[in-house]
Amino acid sequence: MGIDLGTANTLVFVKGKGILIREPSYIARHKRTGAVLAIGTEAKLMAGKTPEAIEAIRPLRDGVIADYDGAEAMLNFYIKQVHESSPWIAKIPRPKVIIGIPSGVTEVERRAVSEAAIQAGAREAYLVEEPMAAAIGAGLPIDEPRGQMIIDIGGGTTEIAILSLGGIVLNKSLRIAGDELTESIIHFSRVKYGLLLGDTTAEEVKMQIGSAVEPDDKKELQIVVRGRDLSNGLPKSMKFSATEVREALAPTIQQIVRAVMDVLEETPPELVSDIIQHGITMAGGGSLIRGLDKMVSESTRMPVWVTDEPMSAVVRGCGKLLTDERLLKKVKVGARLRY
Ligand code: ADP
Ligand code: MG
């Protein structure tokens, strides 16, 4: 099985069956005893609504394993769930597991993740860095002597990487991604309108009308939001326009674009010319912001495309590796190409 342990979403791919699980990377547990109460959607629904004794957390929030026990519990839960839900898989009692991890994860954390997978019943556990997995999922010919650039904008981290010959030549893991975009909407609403928005509402605004550049059709979208009026503490509705939301998102989007430019500046010229020719690939939920591809393209003066189903690129990449022993050997963590 392949697992994308994302900061926002966890996806599980099972050989011969496809993607069986897509759940938010949340876990709810008792603060004192550490007993796990819920994992995934159910845990996310509890976030912000828990009584004192319970916490609903995201173990991978910033692209590092912020909460090891939580990450282990999630892995454990999903590996076991896949076992139990499919009797014909349970016949192979100990599956081979390939896990996509953020490239910022330390040596110690990597070992911890592998061990957690083995503990949970995996026969073998391999780790692949997310940008590599995303590129494989996007169908890029990553083992050719050709430079590829992949930008994976997730919830907690943006991974920017240059790949060639099955290795990561250069990469940057930025702790600015979808969460930060959501927060910039919360900030804008509070400062401009004195209106306090919840995370879920702000994320909805981002997904419904968020954009990086003015849309071609010039149609001005609007959205009605409900929050709390900070002046009197009462509920209040407001209408946001796409233009003001775009302005709110712009500084954060600029930081992402800036990081892409930085990586390109450090990239060896031969590889840059490959990228100019074949384009930059975007993946991850954050790449779905309207016009972000266009903005990256205009800033870098390079062609940019968003892969199909960007949110599942990493897990599909892990899935492909399950049946490609040779490629797995090349890209599993440890095999790193340095220029
Ligand atoms: P991770 O790999 O870190 O788990 P994902 O690739 O699953 O992250 O992407 C999650 C992020 O993508 C969240 O911040 C979410 O708000 C954002 N996202 C999802 N869909 C959209 C959309 N249509 N427009 C903008 N952002 C989106
Ligand atoms: Mg991801």
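The values are calculated or read from the model by the stated rules, or taken from the named source; none is laboratory data. All of these numbers come straight from a predicted model, not from anything done at the bench. Neighbour counts are summed over all protein chains in view; Cβ atoms, including those assigned to glycine, are modelled from backbone coordinates with ideal geometry. Calculation scope for accessible area: heavy atoms of the full protein, side chains included, ligands and nucleic acids excluded. Shrake-Rupley method; radii C 1.70, N 1.55, O 1.52, S 1.80 Å.
For segment 134-144, in order, what is each residue's ³J(HN,Hα) by Karplus, 6.51 cos²θ - 1.76 cosθ + 1.60 with θ = phi - 60°, in whole Hz (x at glycine and Pro)?
5, 5, 5, x, 7, x, 6, x, 6, 9, 7
Size of the dipole of segment 141-306 about the Cα centre, Lys and Arg at +1 and Asp and Glu at -1 on the beta carbon, nothing else charged, in debye to 20? Please report the intermediate quantities before stating the final value.
Working: 17 positive and 24 negative charges, 160 e Å.
That gives segment 141-306 a dipole magnitude of about 780 debye.
How big is segment 141-306 on each of its three principal axes, counting only the C-alpha atoms and giving the largest first in Å?
Extents along the principal axes: 61, 31, 22 Å.
With contacts defined as alpha carbon pairs under 8 Å and 6 or more residues apart, what's the relative contact order of segment 141-306 in percent?
Numbers: 312 pairs, mean separation 45.0, N = 166.
Reported relative contact order: 27 percent.
Go through Lys17/Lys294; Lys80/Lys320; Lys218/Lys239 and tell me which ones have a Cα-Cα distance over 27 Å in this structure.
Pairs exceeding the cut-off: Lys17/Lys294.
If each of Ser299 and Ser273 carries a label point 7 Å out from its Cα toward its Cβ, how far apart are those two points in nm?
Using points 7 Å along Cα→Cβ, the separation is 2.6 nm.
Using 0.36 nm per residue, how much length does the chain from Asp308 to Glu247 gain when fully extended, once their Cα-Cα distance is taken away?
Length gained, Asp308 through Glu247: 19.2 nm.
Got a number for carbon plus sulfur as a percent of the chain's accessible area, 1.4 Å probe?
Carbon and sulfur together cover 52 percent of it.
Among Gly121, Pro131, Ile99, pick out the residue whose Cα is farthest towards the positive end of the charge dipole of segment 92-132, where Lys and Arg carry +1 and Asp and Glu carry -1 on C-beta, about the Cα centre.
After comparing all options, I get Gly121.
Tyr26's amide H: which non-local residues (gap 5+, or another chain) put their own amide H closer than 5 Å, with H modeled 1.01 Å from N in plane and none for Pro or chain starts?
Gly40
Just need log10 I(q)/I(0) for the chain at q = 0.12, 0.13 Å⁻¹, Debye formula, equal scatterers on the alpha-carbon atoms, no solvent, rounded to two decimals.
-0.87, -1.00
To the nearest 10 square angstrom, what accessible area does Lys44 show with a 1.4 Å probe?
In the full protein context, Lys44 sits at about 80 Å².
Sort out the exposed loop GluC sites (Glu not before Pro) in the chain (DSSP loop, at most 15 other Cβ within 10 Å) and tell me the longest stretch that has none.
53-219
Tell me which residues come under 5 Å, amide H to amide H, from Ile168 once H is placed; ignore anything under 5 positions away on its chain.
Placed amide hydrogens put Leu337 under 5 Å from Ile168.
Counting only heavy atoms of protein chains, what accessible area per residue, in Å², does the chain have with a probe of 1.4 Å?
46
So, with +1 on the Cβ of K and R and -1 on the Cβ of D and E, and no other charges, what is the size of the charge dipole of the chain about its Cα centre, to the nearest 20 debye?
Using Cβ point charges on Lys, Arg, Asp and Glu, the chain gives about 780 debye.
To one decimal place, what Kirkwood hydrodynamic radius in Å is obtained for segment 234-339 from all pairs of distinct Cα atoms?
Working: mean 1/r = 0.0598 Å⁻¹.
Mean inverse Cα-Cα distance, inverted, gives 16.7 Å.
Would you mind computing Rg(Cα) / (2.2 N^0.38 Å) for segment 30-142, counting N as its residues?
In units of the 2.2 N^0.38 Å rule of thumb, it is 1.18.
Mind checking segment 171-249 for trypsin sites (Lys or Arg not before Pro) that DSSP puts in a loop (not H, G, I, E or B) and that have at most 14 other Cβ atoms within 10 Å? Intermediate results must be reported in sequence, preceding the final value.
On the way: sites: Lys172, Arg175, Arg190, Lys192, Lys206, Lys218, Lys219, Arg226, Arg228, Lys236, Lys239, Arg246; in loops: Arg175, Lys218, Lys219.
Passing sites in segment 171-249 are Lys218, Lys219.
Among Ile151, Ile98, Ile275, which one moves the most in a GNM of the chain with springs linking Cα atoms closer than 10 Å?
Comparing Ile151, Ile98, Ile275 in the GNM, the peak value goes to Ile275.
Given H placed 1.01 Å from N in the peptide plane, which residues other than close sequence neighbours of Leu20 have an amide H under 5 Å from its amide H?
Val12, Phe13, Val14
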